[in-house]
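Just below is one structure, and these are the notes that go with it.
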Amino acid sequence: MSIDSKEIEKLADLARLKFDQEQLGEVTDRIASVLDFIDQLHQTETQAIEPMAHPMDAVQRLRADKVTESNQREKYQQVAPATENGLYLVPKVIE
């Protein structure tokens, strides 16, 4: 698959990106090389290969779900500008 600078300009406009002519050529070349690589991947025979969830046959070790830190809410709220009933008060930003 090939892509030309006109298509890159159209995509850049849709993405609200601006490129000068030098950058446009470089971006076009880079995207064209990515698309060429994707074409190579599409040509690879994968019918006999079983899909994997992860390339490594690893299992994530899980840790015990237990509290490891103490509750320090009062300490943190002492330096807060405004609190009420254990909650932080903040200015209203949405009407």
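Nothing in this text is a laboratory measurement; each read-out follows from the coordinates by a stated rule. Please read these numbers as outputs of a predicted model, since none were measured by experiment. A quick note on method: Cβ atoms are made from the backbone with ideal geometry, for glycine too, and the neighbour counts reach across all protein chains shown.
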- Query: Per-residue HN-Hα couplings for the range 56-66, Karplus 6.51 cos²θ - 1.76 cosθ + 1.60 at θ = phi - 60°, whole Hz, x for Gly and Pro?
  - Reply: 9, 8, 10, 10, 6, 6, 9, 9, 5, 8, 9
- Note on the structure: Treating only Lys and Arg (+1) and Asp and Glu (-1) as charged, each at its beta carbon, one finds that the chain has a dipole about its Cα centre, in Debye to the nearest 20, of 820
- Note on the structure: Amide H proximity to residue 83 below 5 Å, modelled H, separation 5+ or other chain, gives 89
- Taking a ≥ b ≥ c as the square roots of the Cα gyration tensor eigenvalues, with a/c under 1.5 meaning rounded and otherwise prolate when a/b beats b/c or oblate if not, the chain comes out oblate
- Task: For residue 43, put the label point 7 Å out on the Cα→Cβ axis and report which residues of the range 1-35 keep their amide N under 13 Å from it.
- Result: 1
- Net length gained if the chain between residue 31 and residue 66 were fully extended (0.36 nm per residue, minus Cα distance): 7.8 nm
- A correct Karplus calculation of ³J(HN,Hα) over the range 7-15, with 6.51 cos²θ - 1.76 cosθ + 1.60, θ = phi - 60°, whole Hz and x for Gly and Pro, returns 5, 5, 4, 5, 5, 4, 5, 5, 8
